[in-house]
Amino acid sequence: MALRSAVAAPRGLVRRLFSTTSTSPFIPPPIHAAAQAPARPQADPSANLFVSGLSKRTTTEKLHEAFSQFGEVEHARVVTDRVSGFSKGFGFVKYTTLEDAAKGIEGMDGKFLDGWVIFAEYARPRPPLGQPGNSMTPPYGRR
DNA sequence: GGTGAGCGG
């Protein structure tokens, strides 16, 4: 008997488990829209990986070391605040090839890093940050 | 950071 399954499960898995617990009197009509894809839990396969669940102490080089075990990491970065310099608890890992990125996800997703369970998935495609003439042209609206 | 879901520079 396991004591506690305190290990955080992947969000995609949790989302499905909670979908069956509809005890609300107002049950939404079963829309036959399985092919509509209202939300995208995971982006399309790419060499860029989004890693979340990192410890505040986890640094860029630690992230690079951890993901280098499953593929050739081109570059890794832990996102830190611009002014405070502290880690935000997530980062990005860029593999040289797409197959290495896939191995990196399967090898590091749900694993421990610096005492925390981390989540590795494909990063979302982003618009080019090189907007000519104006630096205040953020893409408002998130997909 | 003592914040714990997230998509950077």
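Tabulated results
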| read-out | value |
| --- | --- |
| Relative packing of A:121-128, A:71-78, A:46-53, which averages over residues the other C-beta atoms within 10 Å, highest first | A:46-53, A:71-78, A:121-128 |
| Residue (of A:Gly71, A:Val117, A:Val83) at the positive-pole extreme of region A:48-122, dipole from beta-carbon charges | A:Val83 |
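No value in this document is a laboratory result; all are computed from the given coordinates. Source: prediction; values computed, not measured. Note that we place each Cβ from the backbone using ideal geometry, even for glycine, and neighbour counts take in every protein chain shown.
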